[in-house]
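Worksheet: the structure to be examined is printed underneath.
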Amino acid sequence: EVQLVESGGGLVQPGRSLKLSCAASGFTYSNYVMAWVRQAPTKGLEWVASISTGGGNTYYRDSVKGRFTISRDNAKNTLYLQIDSLRSEDTATYYCAKDRGLFFDYWGQGVMVTVSS
Amino acid sequence: DIQMTQSPPSLSASLGETVSIECRASEDIYSNLAWYQQKSGKSPQLLIYYASSLQDGVPSRFSGSGSGTQYSLKISGMQPEDEGVYYCLQGSKYPLTFGSGTKLEIK
């Protein structure tokens, strides 16, 4: 059974940093592109970033380029999202997702990030 | 960036009614379109991928169609458990973009 379990969220002050993790199991993690998708409270879904199987290629939405870093550890079956210079507009539930061809077939339960002073 | 225009924003349907949700892309996305259902407080669930392929375990009353820039999701016979918000996602190129969502309720 595919499982994606996010962690690392919380309440953070503007300008601070946070690192989200996603522990994957139930599939051959190193064979799949992985992604982060977020959803602000009461809003729609927004793709944030994706990373290739080996980690050598990364893709970001424009609004997070330079502040967010997606990475992966294939030995630990874990996906990461480093978020720097947090802004109020980054407040959202962040989902880890398994990519099966530029669509997502499995999602984690999500982790909440709240940016507020 | 490819813009995804989804309609209608909300929909109310009776039990057993057939409903359709549309997504229009700002350019050809070559059937690289997926549909998701999100129930309140839950993660999105994949329904359809590559415009018309039904994800394993999804009831056959869900179907997808379309090509080029126009796509649709059809639910043939609304059930109470179909309430939720539906999103389309284009996977033709980065940045991946979602439609704005359609809230489906039972009448």
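Computed quantities for the displayed model
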{"read-out": "Local electrostatic count at A:Tyr80 - Lys and Arg +1, Asp and Glu -1, tallied over other residues with Cβ under 14 Å", "value": "0"}
{"read-out": "Distance histogram for the range B:45-104 (every C-alpha pair counted, 10 angstrom bins, percent rounded to whole numbers)", "value": "20, 57, 21, 2"}
{"read-out": "Computed over chain B, Kirkwood Rh from alpha-carbon pairs, angstrom", "value": "13.6"}
{"read-out": "Cβ-based exposure ranking for A:Glu89, B:Glu27, A:Glu6, A:Glu1, in which fewest neighbours within 10 Å come first", "value": "A:Glu1, A:Glu89, B:Glu27, A:Glu6"}
{"read-out": "Percent of beta bridges antiparallel (DSSP, chain A, rounded to nearest 5)", "value": "95"}
{"read-out": "Aspartates and glutamates with Cα under 20 Å of B:Lys103, excluding same-chain neighbours fewer than 8 positions away", "value": "A:Glu46, B:Glu17, B:Glu22, B:Glu81, B:Asp82, B:Glu83"}
{"read-out": "Which of B:Glu105, A:Glu46 has the fewest Cβ neighbours within 10 Å, and the rest in rising order", "value": "B:Glu105, A:Glu46"}
{"read-out": "Extent along principal axes [Cα atoms of chain A; Å; largest to smallest]", "value": "40, 26, 24"}
{"read-out": "Enclosed volume per residue, in Å³, of the convex hull spanned by Cα atoms of the protein assembly as shown", "value": "113"}
{"read-out": "Residue exposure sequence - A:Val5, B:Val85 - by fewest surrounding Cβ within 10 Å", "value": "A:Val5, B:Val85"}
{"read-out": "Low-density loop cleavage sites - trypsin sites (Lys or Arg not before Pro) in the range B:1-94, where at most 12 other Cβ are within 10 Å (DSSP)", "value": "B:Lys42"}
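Since every read-out is calculated from the coordinates, none of them should be taken as a lab result. The structure displayed is predicted, hence computed values, not measured ones. A quick note on method: Cβ atoms are made from the backbone with ideal geometry, for glycine too, and the neighbour counts reach across all protein chains shown.
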